[in-house]
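Remarks on the structure that follows.
No lab work stands behind these numbers, since they all come straight from the coordinates. None of the values given here were measured: they were computed from a predicted structure. Ideal geometry is used to build each Cβ from the backbone, glycine not excepted, and the neighbour counts take in all protein chains shown.
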Amino acid sequence: MTEKPRVRVRFAPSPTGWLHIGGARTALFNWLFAKSQKGDFILRIEDTDKERSKPEFEEDIKTGLTWLGLNWDELYRQSERVEDYRRYLEDLLRQGWLYYCFCTKEELEAERQAMMAQGLAPKYSSRCRNLSKEEVEKKLAQGEPSVLRFKVAETKLTFKDLIRGSITFDTSLIGDIIVARNLDEPLYNFAVTVDDALMRITHVIRGEEHISNTPRQILLAKAMGAEPPQFAHLPLILNPDRSKMSKRFSDTALRDYVKAGYTKDAMVNFLTYLGWHPKEDKDAMTAEEIIKEFDLKRVQKAGAIFSVDKLDWLNAHYLKQMPPDVFMKLAQPFLLENWKLNEAMVRAVRGRVEKLGDLKELVGFYFEMPDYKPELLKWQEMTFEQVVENLEKASVLIADLSEAKFEEKALEDYFFERIGRENRGEMLWPLRVALSGKTASPGPFEILAALGKEESLKRVEKAVSKAKID
RNA sequence: GGUCCCAUCUUCUAAUGGUCAGGAAGUCGCUCUUUCAAGGCGAAAAUACGGGUUCGAUUCCCGUUGGGACCGCCA
């Protein structure tokens, strides 16, 4: 019995845009699988497209993965691996798997159009496949533009997808694919296959849009004498109209969600649930819990619509149970610099906020008393006389209480002992408005506790004078 | 157009031959309540369609319909 090779997976994004939610989910599933199998998670930056690859996008990918907690064990950059690709290119060329093609883009485009017009699948005619050695050398010597093509065998190729089962392609429909512009400029399919072989990747877990690349990569791997990895194609993340997720319907970049104030835990949980589900129903799971249960067999085959409602709920769920000090730390970047939350504020507010980006609006009144209309102080049919009376009563109660007692529960007991069960609203509503200046806010005891005696008193005084003027 | 993939409530999904088809989000109602939330309780809501196979199909097979992805000298 041979020992099973160590599981090695990779996330292979191209740095041509901000890390996409779909990419983040692919990375996450790779990471979960690696962790659950005690294997390696490799980050491979696929920057062979020199035109479109940008350092800031690579930075964004790393920042995003780090934010999600997806730590990679090894990092590679394809632009630094041209030696390897060149070696393989030369080998395959020598062995006759590859050949030079001199067809121009215009010729190819015309060919493609003609085939499409006839209702055929566009496929290269293999015209340059049988050029004699002398012809090729002559053209090369003359500097005629060329590319390298791979001779695609014509067979029925079946591979086993870990999520979808057997998938069969008729490779005679593919045609000889271009694998490199020249010996130093390999293209996607080639670079991927070389890397997966050299990096001993055991499982390729990627988006469904790559299914049709799979037969090409298997054929290439075999030509290289490498054992193809196992494949698992993840369902796509969809727009509400079931097309591939795009900016048309929602933000697609992970960074947008980070900026909006979603937490890492909510995002990880949400992304996982987009296509995967634990055996027993659980509303929320931490990454550690997911790893314990993760299994590719339980990955959904159908695409999943990205619905932000569930994310919002999950985020609120995590925020609600977050320890105050953790909450403060996460919240600070979303507030003005001189706004410092205290524990009472956090306790009052963390159950009322969906995402940290909304926090500023919610907690502003603690730091800068908003202006409000005196009318707002009236509870139901109250008159201003009654408002003044109640506020003055409250003011005395507050003044009589020692600073040490400014704790939510203690305040509540203290007040309720003194104001009776009925008509609480007549004091509590004006009090709350006096303290917050808002139609909707945390309760008066929560605010009292957060503000402390002095500031509370000041605000109540101010309200009294407001009510008296009217 | 060709190839491939897919199909359970509005959404994410559970149930792989026998369940009143379950959970969660959302929605609605009730409750709690000084406001807004949160919380508690409850309701409405699905196996796309047609054939098989079987004592019995959400589940297995075939077809139809519908949706999607891919068809670059991008990845």
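The figures follow:
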{"read-out": "P(r) tail fraction, the stretch A:47-92 - alpha-carbon pairs more than 17 Å apart, %", "value": "50"}
{"read-out": "Rg and Dmax [Cα atoms of chain A; Å; Rg one decimal, Dmax integer]", "value": "32.0, 106"}
{"read-out": "Normalised contact order of the stretch A:302-376, rounded percent, pairs of Cα under 8 Å and 6 or more residues apart", "value": "34"}
{"read-out": "Cβ charges +1 (Lys, Arg) and -1 (Asp, Glu), total dipole of chain A, debye", "value": "1320"}
{"read-out": "Length-normalised contact order of chain A in % [C-alpha pairs under 8 Å, at least 6 apart]", "value": "13"}
{"read-out": "Dipole of chain A [Lys/Arg +1, Asp/Glu -1 at C-beta], most positive-end residue of A:Gly22, A:Phe41, A:Gly165", "value": "A:Gly165"}
{"read-out": "Peptide ranges A:177-187, A:428-438 listed from the most packed, as the mean C-beta count within 10 angstrom indicates", "value": "A:428-438, A:177-187"}
{"read-out": "For the stretch A:136-258, the spread of Cα positions along each principal axis, largest first, Å", "value": "55, 33, 30"}
{"read-out": "Qualifying GluC sites (Glu not before Pro) for the stretch A:286-363 [loop in DSSP, other Cβ within 10 Å: at most 14]", "value": "A:Glu337"}
{"read-out": "Estimated distance in nm for a label pair at A:Gln332 and A:Arg181, the labels positioned 7 Å out from Cα along Cα-to-Cβ", "value": "4.7"}
{"read-out": "Helix A:408-419 vs. chain A, principal-axis angle (Cα, 0 to 90°, nearest 10)", "value": "30"}
{"read-out": "Length released on extending from A:Lys409 to A:Met116, taking residue separation times 0.36 nm less the Cα-Cα span", "value": "98.0 nm"}
{"read-out": "Likely footprinting exposure, A:Thr286, A:Thr26, fewest C-beta neighbours within 10 Å first", "value": "A:Thr286, A:Thr26"}
{"read-out": "Disulfide-incompatible cysteines by the Cβ rule (no partner under 4.7 Å) in chain A", "value": "A:Cys103"}
{"read-out": "Tail weight of P(r) past 27 Å, computed on alpha-carbon pairs of the stretch A:1-156, percent", "value": "50"}
{"read-out": "Peptides A:144-156, A:102-114, A:163-175 ordered by average Cβ neighbours within 10 Å, highest first", "value": "A:144-156, A:163-175, A:102-114"}
{"read-out": "Potential lengthening between A:Leu198 and A:Ser465 on full extension [0.36 nm per residue; Cα-Cα distance subtracted]", "value": "88.3 nm"}
{"read-out": "Set of the stretch A:424-441 residues, backbone N closer than 16 Å to the point 7 Å along the Cα-Cβ line of A:Lys458", "value": "A:434-437"}
{"read-out": "Largest-first ellipsoid semi-axes for the stretch A:311-381, taking √(5λ) over the Cα gyration tensor eigenvalues, angstrom", "value": "25, 16, 11"}
{"read-out": "Using alpha-carbon coordinates, inclination of helix A:264-273 to the longest axis of chain A, degrees", "value": "50"}
{"read-out": "Debye, to nearest 20: dipole size of the stretch A:342-421, +1 on Lys, Arg Cβ, -1 on Asp, Glu Cβ", "value": "280"}
{"read-out": "Per-peptide average of other Cβ atoms within 10 Å, ordering A:318-330, A:396-408 highest first", "value": "A:318-330, A:396-408"}
{"read-out": "Within the stretch A:88-111: backbone nitrogen closer than 13 Å to the A:Lys138 label point (7 Å, Cα to C-beta)", "value": "none"}
